[in-house]
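Below is one structure, written out as C-alpha cells, with a few remarks after it.
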Amino acid sequence: MKINQILIRPKITEKALKEAKDSNYLFEVNKYATKHQIRKAVEKLFSVEVSEVNTAVRKGKIRRLGRRMKEKRKSDEKLAYVKVKKGKIDLFPQT
C-alpha cells in the first residue's frame, strides 16, 4: 500500500484539537492499514518521530430514509490515534 493511500485525512474536532496540544493526533486511515504502516506514513509525511499508534474501527450508523430506518449504512471508518515523541504536526498549513 502506498503512503498516500494510508492516511485519508486528519480528524479535526474540538476534542482532537485539545489532545493535539499534548502531541496526540487523530487521523482517519485506510481500513486495511496496519499500525506499522501508519507509523511509517506519519513519520515520512510530517517529518516527526512517532512513539505510539492506537487504532479503532468505528461501525457505520444506519441511515434514515423518510419515515423508516432502512438498511442503508454509512461506511465504517478506521481511526488512528498517533502520539508524537519529537516534532509537531501542523494541521493547518499556510498556503
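Of everything in the range 49-75 that's in a loop (DSSP other than H, G, I, E, B) and of a type in the set (Lys, Arg), which residue is farthest from Ile6 (Cα to Cα)?
Initial filter on the range 49-75 (in a loop (DSSP other than H, G, I, E, B)): 59-61, 66-67, 74-75.
This time we only want the ones that are of a type in the set (Lys, Arg), so: 59, 61, 67, 74.
Working: Lys59: 19, Lys61: 23, Arg67: 38, Lys74: 20 Å.
Among them, the one singled out is Arg67.
Run down Val57, Val48 and say which single residue is of a type outside the set (Lys, Arg) and buried (at least 17 other Cβ atoms within 10 Å of the Cβ). Steps first, please.
Numbers: Val57 fails: buried (at least 17 other Cβ atoms within 10 Å of the Cβ).
From the options Val57, Val48, the qualifying one is Val48.
Does any residue in the range 12-31 that is among the aromatic types (Phe, Trp, Tyr) come within less than 6 Å, Cβ to Cβ, of a residue that is assigned to a strand (DSSP E or B) six or more places away or on a different chain, and which pairs are these?
If the second residue must be assigned to a strand (DSSP E or B), the pairs left are Tyr25/Val82; Phe27/Leu7; Phe27/Pro10; Phe27/Ala80.
Which of the numbered conditions does Lys78 fail, given that it passes all the others? Conditions: (1) within 18 Å of Ile6 (Cβ to Cβ); (2) touching a Ser or Thr at 6+ places or on another chain (Cβ under 9 Å); (3) not in a strand (DSSP E or B).
Of the numbered conditions (1) within 18 Å of Ile6 (Cβ to Cβ); (2) touching a Ser or Thr at 6+ places or on another chain (Cβ under 9 Å); (3) not in a strand (DSSP E or B), the odd one out for Lys78 is (3).
Among (1) surrounded by 11 or more Cβ atoms within 10 Å (Cβ to Cβ); (2) closer than 15 Å to Asn24 by Cα; (3) in contact with a strand residue (DSSP E or B) (Cβ under 8 Å, 6 or more places away or on another chain), there is one condition Ile62 misses while meeting the rest; what is its number?
It is condition (2) that Ile62 fails.
If I filter the range 9-48 down to residues being in a loop (DSSP other than H, G, I, E, B), modelled with pLDDT of 90 or more and β-branched (Val, Ile, Thr), which single residue comes out as farthest from the chain's Cα centre (by Cα)?
Val48
Working only within the range 68-95, note down all residues that are surrounded by 11 or more Cβ atoms within 10 Å (Cβ to Cβ), of a type in the set (Gly, Ala, Ser) and at pLDDT 85 or above.
Residue satisfying the conditions is Ala80 alone.
The values are calculated or read from the model by the stated rules, or taken from the named source; none is laboratory data. Since this is a predicted model, take the numbers as computed values, not measurements. Don't worry about glycine lacking a Cβ; one is built from the backbone with ideal geometry, like all the others, and counts go over all protein chains shown.
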